[in-house]
1. In whole angstrom, note down how far apart the Cα centers of region 46-121 and region 275-297 are.
2. Please list, in chain and number order, the residues 5+ apart from L25 or on another chain whose amide H is under 5 Å from its amide H, with Hs placed from the backbone.
3. Apply 1/(1 + (r/R0)^6) to the Cβ-Cβ distance of E86 and S193, taking R0 = 51 Å, and write down the FRET efficiency to the nearest 0.05.
4. Could you tell me the relative contact order of region 19-104? Use alpha-carbon pairs under 8 Å, at least six residues apart, and round to a whole percent.
5. So for region 137-207, Kirkwood radius off the Cα pairs, Stokes-Einstein at 10 °C and 1.306 mPa s: how many µm² s⁻¹?
6. Suppose the chain between A50 and R31 were pulled fully straight at 0.36 nm per residue; how much longer would it get relative to their current alpha carbon spacing?
7. I'd like the accessible area for E167, computed on protein heavy atoms only with a 1.4 Å probe and all protein chains in place. Round to 10 Å², please.
8. Given R₀ = 41 Å, what would the calculated FRET efficiency be for R71 paired with T266, taking r from the Cβ atoms and rounding to 0.05?
Amino acid sequence: MSTGSRPPIPRGAQAGGQDMRPQTLTAADGRALGTWVRIVVTDDDPAAVATAKAAVDTVLRDVDSTCSRFRKDSELSRLNAGAGRELAVSPLLGRAIAEALRAAELTDGDVDLTVGSAVRRAGYDVDFADIPADGGPITVIARRVPGWRQVAYAAAGRRVHVPEGVEIDLGATAKALAADLAAAAAVEALHGSGGALVSLGGDIAVAGTPPTGGWTIQVSEDSGSALDGVSERIALHGGAVATSSTMVRRWVRGGVEQHHIIDPRTGAPALTPWRLATVIADTCVDANIASTAAIIRGVRAEPWLAERALPARLVANDGTVVRVGRWPQPAEVAP
């Protein structure tokens with residue numbers, strides 16, 4: 001991971017404000033959890049971003065070893081392997097499962113942590129970078145997922161029961177939780193001085209005091225895309241923003257194009273009018289819950305987001321942009 005002075009524009013998603021006077025910050029880039037990572041701090045001292053990076057790296061390593069379904073030695077993999085028994089889990093996995101269950105309740109099951117087997121059947125059974133261009137001539141059998149209500153979690157004692165035949169996947173919430181925890185850890189490592197932004201793919205969380213004019217962020221479909229002078233840019237003064245997309249993590253399985261956002265009601269990649277959904281919320285977890293649900297809800301997404309006063313930007317498959325609630329209009333950014 002390299003460090004250097006860069007514009008305060010993380011690779012990824014979005015959020016709101018108008019005063020965008022330029023300010024020199026310090027950033028570090030790299031990869032973790034199978035995606036791009038950018039850390040930005042409001043300090044031009046390279047030592048500050050190095051300190052923040054160390055704190056963020058610790059959080060990301062912990063989340064990976066706890067919540068990854070691609071690692072056989074992760075705590076989540078051990079929990080899934082023990083399906084049928086009640087098991088005690090660590091504080092981090094307990095929190096991640098609690099957040100995933102909350103996501104399911106808030107979205108009426110649109111975001112469901114029991115999609116693990118469905119995701120694997122669709123072909124997403126290894127880290128995305130290792131998925132073959134075409135999984136071969138097989139028949140993909142999709143069926144309704146078991147349902148989040150089958151997972152029992154007792155916060156007291158952090159006891160989890162996953163029934164036999166049920167596989168938990170925390171992809172819709174764990175990365176966003178990592179962003180929230182990492183941003184907070186970065187500011188804590190800097191002893192509360194200034195602010196920090198952490199972007200994990202399309203999941204962006206900020207903590208501490210923002211730079212003058214807010215965190216300038218480029219709206220991009222692919223979190224790994226280069227910064228440009230054409231894409232929409234807005235500013236985030238607090239909270240978080242998350243983007244869900246059907247276009248980036250795509251592959252072919254049995255001759256059928258697939259993507260990673262599963263509709264729990266069918267057990268297959270969601271058929272949706274949206275290619276991209278970006279939402280602003282108080283936390284990255286809440287933003288990601290809403291952006292994922294928006295993709296799955298399809299035409300029902302716009303009123304659902306509006307009822308919850310969640311600023312959102314939806315991009316239809318034909319490229320039409322729909323702004324919901326108080327999502328800001330594109331703002332000019334000084335070169």
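1. 18
2. Sorted by chain and number, the residues that satisfy this are R6.
3. 0.70
4. Result for region 19-104 is 16 percent.
5. D, rounded to a whole number, is 103 µm²/s.
6. 5.3 nm
7. Accessible area, nearest 10 Å²: 30 Å².
8. 0.90
The values are calculated or read from the model by the stated rules, or taken from the named source; none is laboratory data. In this text, all values refer to a predicted model and were calculated from it rather than measured experimentally. Don't worry about glycine lacking a Cβ; one is built from the backbone with ideal geometry, like all the others, and counts go over all protein chains shown. SASA here: full protein model, heavy atoms, side chains in, ligands and nucleic acids out. Shrake-Rupley method; radii C 1.70, N 1.55, O 1.52, S 1.80 Å.
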